[in-house]
1. Could you list all residues from the stretch 121-132 that are within 12 Å of the chain's Cα centre (by Cα) and within 20 Å of W72 (Cα to Cα)?
2. Just a yes or no: is a residue in the stretch 39-49 more than 23 Å from L126 (Cα to Cα) and without any contact (Cβ under 8 Å) to a residue 12 or more places away in the chain?
3. For the stretch 90-149, how many residues meet the condition of being farther than 19 Å from V36 by Cα and among the polar types (S, T, N, Q)?
4. Collect the residues in the stretch 135-147 that are without any contact (Cβ under 8 Å) to a residue 12 or more places away in the chain and either surrounded by 19 or more Cβ atoms within 10 Å (Cβ to Cβ) or more than 12 Å from the chain's Cα centre (by Cα) (or both), keeping them in residue-number order.
5. Look through V146, V163 and report the one residue that is in contact with a Pro (Cβ under 9 Å, 6 or more places away or on another chain) and among the aliphatic types (A, V, I, L, M).
6. For the stretch 71-177, which fully contained strands (runs of 3 or more DSSP E) count at least 3 residues that are among the hydrophobic types (A, V, I, L, M, F, W, C)?
7. What is the number of the single condition among (1) under 26 Å from S48 (Cβ atoms); (2) without any contact (Cβ under 8 Å) to a residue 24 or more places away in the chain that V113 does not meet?
8. Could you grab me the full set of residues in the stretch 41-66 that are closer than 16 Å to Y168 by Cα and of a type in the set (A, V, I, L, M, F, W, C)?
Amino acid sequence: MKLKKLLALALAGVLMLALLTGCSGGASGTEEDRLVAEAVADIFKGNSQNVEVSYSVPALTRTIRPAFTPDWFQKTPEGIICGLDKNFPIDAGQTLEGFLRDSLKAYEQSNFVSFVAFDSTGMSALQQVERFSSGAPVVGVYYKDVSPTVNTKLRVGVCHKTVDGREYCLVVIVRAQ
């Protein structure tokens, strides 16, 4: 638990420095995407400085973002988002999980590929990273049972989509050797 608090504090510092040096008066969509992506990468890198990081997952913006709909979320009877429905029907015979596998097929040999989405309406980049790290809705796309320490490559893609006046943060994480 102390490690999580330390990471959150470090993350807050990194984001604050990025906000102070990178922009004035608030981040635009691409600046916000980059700030969130860098902070998510820092979470996955941990203390390792030997991880090559890329902030590009083309399938996220080309395929996944255009198809995204809030209907992908599971909700409680009170309407609170509680997960992503990997069995949600995308089209004839294809589920959300299958759609994500097809969309992210270029990364199927990776050790870990996941898709995360959450309602980010009114959130700063820091609040979005806090939401991400506190257990945002996720669908595991590809997974190999290997130690996270063997991963030397990390890709983090982040984009946002507004639907019916609500903004959603969409994230893809890819870890590989």
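The values are calculated or read from the model by the stated rules, or taken from the named source; none is laboratory data. The structure presented is a predicted model; accordingly, all values stated were derived computationally and were not measured. Cβ coordinates were reconstructed from backbone atoms using ideal geometry, including for glycine residues, and neighbour counts include every protein chain displayed.
1. Q128, R131, F132, listed by residue number.
2. Just the residues of the stretch 39-49 that are more than 23 Å from L126 (Cα to Cα), to begin with: none.
No, every residue in the stretch 39-49 fails to be more than 23 Å from L126 (Cα to Cα) and without any contact (Cβ under 8 Å) to a residue 12 or more places away in the chain.
3. 8
4. Within the stretch 135-147, the first condition is being without any contact (Cβ under 8 Å) to a residue 12 or more places away in the chain, and the residues that meet it are 135, 145, 147.
The answer is D145, S147.
5. Details: V146 fails: in contact with a Pro (Cβ under 9 Å, 6 or more places away or on another chain).
Sole residue among the options that is in contact with a Pro (Cβ under 9 Å, 6 or more places away or on another chain) and among the aliphatic types (A, V, I, L, M): V163.
6. Working: elements: 73-75, 81-84, 89-91, 112-119, 138-143, 153-163, 166-176.
Where strands (runs of 3 or more DSSP E) fall fully within the stretch 71-177 and carry at least 3 residues being among the hydrophobic types (A, V, I, L, M, F, W, C), they are 81-84, 112-119, 138-143, 153-163, 166-176.
7. Tallying (1) under 26 Å from S48 (Cβ atoms); (2) without any contact (Cβ under 8 Å) to a residue 24 or more places away in the chain, V113 fails exactly one: (2).
8. Hits for the stretch 41-66 are L60, I64.
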